[in-house]
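Inspection log for the structure reproduced underneath, given as structure tokens.
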Amino acid sequence: MTEKPHTVKSYEEQLQHLSNDLVIMGGNCELAFSNAIKAICKNDHALADDVINNDTVIDNFETQIEQEVVNLIALRQPMAIDLRETVTALKMSSDLERVGDLAKNIAKRTKLIKKKLPNELTESIERVGLLVQKQLKSVLDSYTNRSPDIAQDVWEKDEQVDDLTNNCMEEVIKYLKSDSENIEYGSHLLFVTKNIERIGDHLTNVAEQVYFLVNGTYLEGDRPKGSQSIVTGEK
Amino acid sequence: MNKIEAKNVNVFYGEKQALFDINMDIQEKQVTALIGPSGCGKSTFLRCLNRMNDVIDICKVEGEIKINDYNINQKATDVVRLREKIGMVFQKPNPFPKTLYENISYGPEIHGMAQSKDELDQIVEDSLKKAALWNEVKDRLNEPGTGLSGGQQQRLCIARAISVKPEVILMDEPCSALDPIATAQIEELIDELKKEHTIVIVTHSMSQAARVSQQTGFFHLGKLIEVGSTDMIFKNPNQQQTQDYITGRFG
Ligand SMILES: Nc1ncnc2c1ncn2[C@@H]1O[C@H](COP(=O)(O)OP(=O)(O)OP(=O)(O)O)[C@@H](O)[C@H]1O
Ligand SMILES: [Mg+2]
């Protein structure tokens with residue numbers, strides 16, 4: 001449904017502002033995450049610093065959005081689609097803030113790694129990283145276009161993220177086993193990989209929120225899961 | 001269970017049709033809210049439910065209104081008894097030009113509901129307490145009802161309506177002249193009353209409809225556009241027109 005504008009213009013503007021803030025916040029998360037992946041793969045400490053320093057921008061957006069949502073609820077008592085817009089914004093911003101944190105954590109660990117990593121390893125990080133970047137872009141698109149189909153697609157593709165995370169974990173374990181000198185860096189890389197996978201999970205949350213926002217119903221059923229053995233410790 | 005069933009109800013004021021083919025079920029011991037823009041026919045529909053439209057000369061009602069499965073639109077209906085069972089609180093408070101006490105005691109008296117003066121006193125006190133007015137008027141029960149403020153008069157009318165213990169209470173914007181505290185008291189009263197009564201309330205406050213009712217019907221230009229659980233209507237209505245109205249996009 002494309003909605004007519006509200007009779008009260010300032011209400012319309014407030015809702016529009018909220019939605020715009022969320023889109024910009026999402027854009028910042030995209031940048032943070034792609035830079036974090038680039039930094040770890042290229043061992044680029046300056047870029048990692050960028051990611052770390054810019055995280056406050058994302059944090060501030062979360063606070064800002066929370067205030068806007070509280071104002072809307074207190075002063076406008078939103079109903080139906082407006083209520084879903086408002087509540088969804090609050091939930092999405094908290095998932096996106098976590099995405100920012102996890103990207104920052106990848107950057108922090110990057111700075112603790114002081115040498116170039118083997119190609120097979122960086123390639124497998126890059127592979128899952130790229131997929132998650134695509135997921136992030138798609139889920140933000142699903143929000144801007146209010147498209148439950150794109151959201152559902154993201155939700156279903158998380159299975160692939162799990163699979164690639166697994167491959168990546170295997171590479172890290174190979175790296176750990178190959179030389180006991182690798183234990184320190186290797187353990188950081190385990191966390192980096194896990195962080196990427198968790199970002200993927202936050203994106204499926206966002207996908208669920210967008211789906212609910214548009215349809216007013218919940219995405220049904222269990223999300224398809226990829227091979228989980230290493231990531232979750234399940235067989 | 002359905003307390004009231006409206007079937008193919010059409011209402012005309014002279015040549016002008018005010019309601020078109022309304023079909024609506026009203027559940028027993030629940031609160032049903034009627035919402036919609038001014039002039040859409042909410043009050044007209046409410047008045048169908050106790051034949052109050054009879055008193056408007058040019059008004060003609062077609063179709064069936066069944067209460068407890070009995071069609072009240074048939075000739076044989078005893079309208080006085082009907083209105084005892086189906087009480088009403090109007091959009092504008094309309095106290096009798098009598099004392100506060102008499103405003104309340106009148107109904108129970110003529111219906112022979114009290115055996116003694118003490119019992120009648122008790123009914124008056126209970127009704128005023130339920131309508132959240134007792135504390136303000138208990139020392140001036142012999143003053144005229146018309147001497148109260150607008151909000152107090154409205155609560156007096158609510159007390160009067162409940163004094164005869166009706167099965168159904170129709171309320172037409174009962175809180176439009178009330179301050180937030182009195183409004184909260186009336187909403188609390190509605191919650192209380194629905195344990196024993198069926199309530200139909202017309203309100204222009206979306207949040208009030210959402211708070212007090214279990215079912216909501218949305219009227220527009222004399223048609224019932226959508227009716228369903230209040231939860232559904234305010235979270236995710238089926239009709240675009242309903243959503244436009246409740247979210248303030250009507251123009
Ligand atoms: N006594 C009457 N004589 C002629 N027309 C009437 C009469 N009462 C109502 N109408 C017309 O019937 C239509 C429905 O009126 P009604 O009072 O039922 O609307 P409403 O939904 O209660 O509006 P509001 O929210 O303003 O109280 C309106 O077009 C109104 O002009
Ligand atoms: Mg009216």
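The values are calculated or read from the model by the stated rules, or taken from the named source; none is laboratory data. Being a predicted model, the structure only gives us computed values, none of them experimental. No Cβ is skipped: glycine too gets one built from the backbone with ideal geometry, and neighbour counts run over all protein chains shown.
When you go through B:E64, B:E125 one by one, which is the residue that is without any contact (Cβ under 8 Å) to a residue 60 or more places away in the chain, more than 16 Å from ligand 2 (Cβ to nearest atom), out of contact with any Pro (no Cβ under 6 Å at 6 or more places or on another chain) and assigned to a helix (DSSP H, G or I)?
From the options B:E64, B:E125, the qualifying one is B:E125.
I'd like to check something: does the range A:126-138 contain any residue that is hydroxyl-bearing (S, T, Y) and farther than 17 Å from A:K194 by Cα?
yes
Hey, any hits in the range A:88-96 for a residue that's without any contact (Cβ under 8 Å) to a residue 40 or more places away in the chain, in contact with a helix residue (DSSP H, G or I) (Cβ under 6 Å, 6 or more places away or on another chain) and outside any loop (DSSP other than H, G, I, E, B)? Looking for residues that are without any contact (Cβ under 8 Å) to a residue 40 or more places away in the chain, in contact with a helix residue (DSSP H, G or I) (Cβ under 6 Å, 6 or more places away or on another chain) and outside any loop (DSSP other than H, G, I, E, B), one finds at least one in the range A:88-96, hence yes.
Residue by residue, here is whether (1) within 16 Å of ligand 2 (Cβ to nearest atom); (2) not small (G, A, S) holds:
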site	(1), (2)
B:S38	yes, no
B:L46	yes, yes
B:V55	yes, yes
B:D78	no, yes
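Among the residues of the range B:188-204, which ones are away from ligand 2 (no atom under 16 Å from the Cβ) and crowded, with 18+ Cβ neighbours inside 10 Å? If the condition is that a residue be away from ligand 2 (no atom under 16 Å from the Cβ) and crowded, with 18+ Cβ neighbours inside 10 Å, then B:L189, B:I190, B:L193, B:K194, B:H197, B:T198, B:I199 are the ones that fit.
The sole residue among B:G39, B:G87 that is within 15 Å of B:P166 (Cα to Cα) and small (G, A, S) is B:G87.
The residues in the range A:1-30 that are within 12 Å of chain B (Cβ to nearest Cβ), without any contact (Cβ under 8 Å) to a residue 24 or more places away in the chain, surrounded by 12 or more Cβ atoms within 10 Å (Cβ to Cβ) and in a helix (DSSP H, G or I) can be counted, and the count is 1. There is no residue in the range B:169-178 that is more than 16 Å from ligand 1 (Cβ to nearest atom) and not hydrophobic (A, V, I, L, M, F, W, C).
Inside the range B:199-251, can you point out the residues that are outside any helix (DSSP H, G or I), farther than 27 Å from B:F12 by Cβ and touching a Lys or Arg at 6+ places or on another chain (Cβ under 7 Å)?
B:R249
Based on what the data block shows, is B:E84 surrounded by fewer than 21 Cβ atoms within 10 Å (Cβ to Cβ), touching a residue at least 60 places away in the same chain (Cβ under 8 Å) and more than 27 Å from B:I35 (Cβ to Cβ)? In short, yes. The sole residue among B:G39, B:G63 that is surrounded by fewer than 19 Cβ atoms within 10 Å (Cβ to Cβ) and either within 11 Å of ligand 1 (Cβ to nearest atom) or within 14 Å of another protein chain (Cβ to nearest Cβ) (or both) is B:G39. Checking the stated criteria, A:T63 turns out not to satisfy the condition of being without any contact (Cβ under 8 Å) to a residue 24 or more places away in the chain and within 17 Å of the chain's Cα centre (by Cα). Scanning the range A:90-113 finds no residues that are more than 16 Å from the chain's Cα centre (by Cα) and within 12 Å of chain B (Cβ to nearest Cβ). Checking each residue in the range A:75-113 for being of a type in the set (G, A, S) and at pLDDT 95 or above picks out A:A89, A:S93, A:S94, A:G100, A:A103, A:A107. Candidates B:A18, B:A33: the one that is within 16 Å of ligand 1 (Cβ to nearest atom), within 14 Å of another protein chain (Cβ to nearest Cβ) and touching a Ser or Thr at 6+ places or on another chain (Cβ under 6 Å) is B:A33.
Name every residue in the range B:206-231 that is over 21 Å from A:L15 (Cα atoms) and either within 9 Å of chain A (Cβ to nearest Cβ) or polar (S, T, N, Q) (or both), in order of residue number. Hits for the range B:206-231 are B:Q208, B:A210, B:S213, B:Q214, B:Q215, B:T216, B:S229, B:T230.
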